[in-house]
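Since the structure comes first, as structure tokens, the remarks are kept for the end.
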Amino acid sequence: MVSLTKIRILSLRKLHSMVLVNTFQSVFRPKYWNFDSMKAALCHCRQNGCTQNGRSLHSLLIKNGSRRDLFLGNNLMSFLADFGFIKDARKLFDEMVDRNVVSWTTMISACTRNGKAEESLSIFRQMLDFGEEVPNEHSLSAVLKACGIVRDLEFGRWIHQSFVRLGMEFDVVLMNTALDMYVKCGCLDEARILFDKIPSSNATTWNTMIVGYTENGEMDEAEKLFIQMSGPNVVSYNTLIAGFAKKGNLKALEYAHKMFLEGIKLDVFTFPCVLKTCGSLKFQSMGNQFHSTVMKSGCESEPLVGSALIDMYSKCGSIGEAKKLYDGYRGTGFQLLAVSNSMISGFSSNNHNIPALNLLSKIHRSGLVLDEFTLSSGLKVCSKLQNLRFGIQMHGIIVVYGYHLDHIVGSVLVDLYLNCGSFNKAMAIFTGLPHKDVVTWCGFISGCVQYGLNHSAFYLFKVMLELGIKPDHFVLSSVLKSCSNLAGSPHSHGKQIHGYTVKKGFEIESAMTTSLIDMYSKCGEIDSSLTLFRAVNGVLDTLCWTAIIAGCGQNGKEKEAIGYFGEMLSSGVEPNEVTFLALLSACRHAGLVEEACSYFRAMEDKYGLRPVLEHYCCMVDILGRAGLIKEAWNLISNMPYEPDQTLWNSFLGACEIYDHGDDVISNLVAQHVESTDRSTSVMLSNGYAALGMWDKSIKLKHLIKRLGMKQAGVSWVEVDLS
């Protein structure tokens, strides 16, 4: 049964539609050509989104010259801009005989809204040069937005000072726009001064300032402001939660819970933030609870939320749950692509690289246009697999789509070719990128260091400086790493970088100090490392303590390394997995078996850190060097990882040295060791001989000769003969 009220509403809608059609049709009859009918038709087109009718009316106005009317011209320009016909709007503006402040404001606002901020500023300057009209609050607001978009602080500051002189400082909308401009330009101090001066601040004022703090990582200030705010709304909560989520901070979940208790509904912006936090912290149980809330709210089909759910399960290691969610998603087009990107990334992060490539192929075959995120994820998988053939195919797709000049996709392409040993190809792609920022340079230099191209890394750093690009601490850390691996005089290169960091003020940063300590330690200059470490002002972090512990362990100061570990704990700094690896390595060099076993047990029992394969390898080596073959074998048998070649070689070496292995252990090791390299084969042959298994020993030695394996143990040093 349809209610009488609904019938009336439907009748009114039908009548409105008939009036609109009749009004528009009457315009095209010559006898009805007048400004009033055209104004009415144009207003109807704007209000009801009749794009085609509006375009037809535009043609009619050009044909009969009616566009010379100022009111019609302004409305038509606004209509064209509203529907994205910005070029037509600009042409109409330029051809207008008469312009008023509405004309200028409409065009300035249209350019700002349609991503043409530079053009918006140019038109505003033109308006000032002509001096015919005085800008109003709407034109000033639009141009301030443009200043924020292009980060033109100087001009934005001038606009702000100008409207204050004109007595407009009590216009809260205008003041909020100025505040947003300062925030977008990164000037938080000026933004805060303005914030404190706004007399009638509203929710937008507070939210804008909170956004400024969160986007610049100043979460303490953002939280203080949020607490002071009277009646925070959903935007305030989402802004604060997003800031904490970006840092993987538990407070994101706490504020989401508080938001729920205050009766504010979690929305499509809240859920991705809290799910991201659950993934970062590996809180799958909490993630499951939020998943239930998502389903109750009906937001599961939203691509942002669907992607966040897949990402959360992937980061928690539940790739099966993520795949189940993906298979059940019913979106199409760009929505499906967004969710697919998360699934590909999830496969890759869980080392399910083949399924990642299969899904990528499936998406491509379905006809979906891949975006830069899909292509970057696919290239990363190819790089991990060192699958150059598939990578080259993807490179071809990237060129077809026009993403080969994108600096993000280009950087991943460079990494792919570096990882696959094609340095010249990587260099060609890097050189061809039109816009290389400091992040792009850092990626290439770091890639060179990672793949052992240390001379190339140092050369690229010098080129970067010659081009006037200022390196950040990430670039400098990568170059310092390359210095410690260079032949000749690595410390001289490192000292040059050290001098540069002091000159530019980077030395005070903890990350930079850590890199310098690491470089001097690897170059054998432990005294320089200790001097740097002792000169650090303020609180030392985990990375800095770990660097000095590792440095002492590498340079024969094992007792000092253990002493620094004690100081680290006394100062209240928590060790991480790398700290323990450095500590175990120091114990290995000093032969401190009991201490090593104690530290290894403390990792999980006391600090909740799960040992990884590298820790087990180090412990097997420590026990093996001490002749504790059975203990080492028990550790291998009970560890939760598959032993790798390095571990087997270490254990086999210990069996050979101490001749404590038995037939069972030796045969088991022999099954796992690859005898494709001479040093391993020689150890295995000697191990068989030590156990009296002469037939196997002689057979393996004949195999070494027949295969012509390379001689092991060849090395050289450079000597300065001058």
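Got at least one residue in the stretch 462-471 being surrounded by 18 or more Cβ atoms within 10 Å (Cβ to Cβ) and either over 27 Å from Cys544 (Cα atoms) or touching a strand residue (DSSP E or B) at 6+ places or on another chain (Cβ under 6 Å) (or both)? Within the stretch 462-471, one or more residues are surrounded by 18 or more Cβ atoms within 10 Å (Cβ to Cβ) and either over 27 Å from Cys544 (Cα atoms) or touching a strand residue (DSSP E or B) at 6+ places or on another chain (Cβ under 6 Å) (or both). The combined condition, being at pLDDT below 90, assigned to a helix (DSSP H, G or I) and touching a helix residue (DSSP H, G or I) at 6+ places or on another chain (Cβ under 8 Å), is not fulfilled by Leu405. Assigned to a loop (DSSP other than H, G, I, E, B) and within 16 Å of Gly156 (Cβ to Cβ) - does that describe any residue in the stretch 237-252? Among the residues of the stretch 237-252, not one is assigned to a loop (DSSP other than H, G, I, E, B) and within 16 Å of Gly156 (Cβ to Cβ), which makes the answer no.
Where helices (runs of 4 or more DSSP H) fall wholly inside the stretch 78-137, the ranges with 3 or more residues that are within 23 Å of Arg151 (Cβ to Cβ) and over 38 Å from the mean Cα position of the chain (by Cα) are 117-130.
Restricting to the stretch 474-501, and then to whatever is over 19 Å from Ser528 (Cβ atoms) and at pLDDT 80 or above, can you tell me which residue is surrounded by the fewest Cβ atoms within 10 Å (Cβ to Cβ)? Out of the qualifying residues, it is Phe474. When you check Glu190 against the structure, is it in contact with a helix residue (DSSP H, G or I) (Cβ under 9 Å, 6 or more places away or on another chain), under 21 Å from Leu174 (Cβ atoms) and among the acidic types (Asp, Glu), yes or no? When the stated conditions are applied, Glu190 passes them. Among the residues of the stretch 73-102, the ones that are buried (at least 22 other Cβ atoms within 10 Å of the Cβ), over 18 Å from Phe124 (Cα atoms) and in contact with a Gly (Cβ under 9 Å, 6 or more places away or on another chain) come to 3 in all.
Among the residues of this structure, Thr277 does not count as one that is surrounded by fewer than 18 Cβ atoms within 10 Å (Cβ to Cβ) and either out of contact with any Asp or Glu (no Cβ under 6 Å at 6 or more places or on another chain) or assigned to a helix (DSSP H, G or I) (or both). Just one of (1) touching a Gly at 6+ places or on another chain (Cβ under 9 Å); (2) under 23 Å from Ala245 (Cα atoms); (3) not hydrophobic (A, V, I, L, M, F, W, C) trips up Thr204, so point out which. Looking at each condition in turn, Thr204 falls short on (1). Residues in the stretch 370-402 that are assigned to a loop (DSSP other than H, G, I, E, B) and touching a Gly at 6+ places or on another chain (Cβ under 9 Å) were compared, and the one that is surrounded by the most Cβ atoms within 10 Å (Cβ to Cβ) is Leu370.
When Arg389 is tested against (1) at pLDDT 90 or above; (2) closer than 22 Å to Gly410 by Cβ; (3) touching a helix residue (DSSP H, G or I) at 6+ places or on another chain (Cβ under 7 Å), just one condition goes unmet, and that condition is (3). Only one of the numbered conditions (1) assigned to a helix (DSSP H, G or I); (2) at pLDDT below 90; (3) charged (D, E, K, R); (4) over 18 Å from Cys442 (Cα atoms) is violated by Glu560, and that is (2). From the list Glu594, Glu631, Glu642, exactly one residue is charged (D, E, K, R), at pLDDT 90 or above and surrounded by fewer than 21 Cβ atoms within 10 Å (Cβ to Cβ). Which is it? Selected residue: Glu594, the only one of Glu594, Glu631, Glu642 that is charged (D, E, K, R), at pLDDT 90 or above and surrounded by fewer than 21 Cβ atoms within 10 Å (Cβ to Cβ).
The values are calculated or read from the model by the stated rules, or taken from the named source; none is laboratory data. Since the structure is predicted, the reported quantities are computational estimates derived from the model, not experimental observations. Here Cβ is always computed from backbone atoms with ideal geometry, including for glycine, and neighbour counts include all displayed protein chains.
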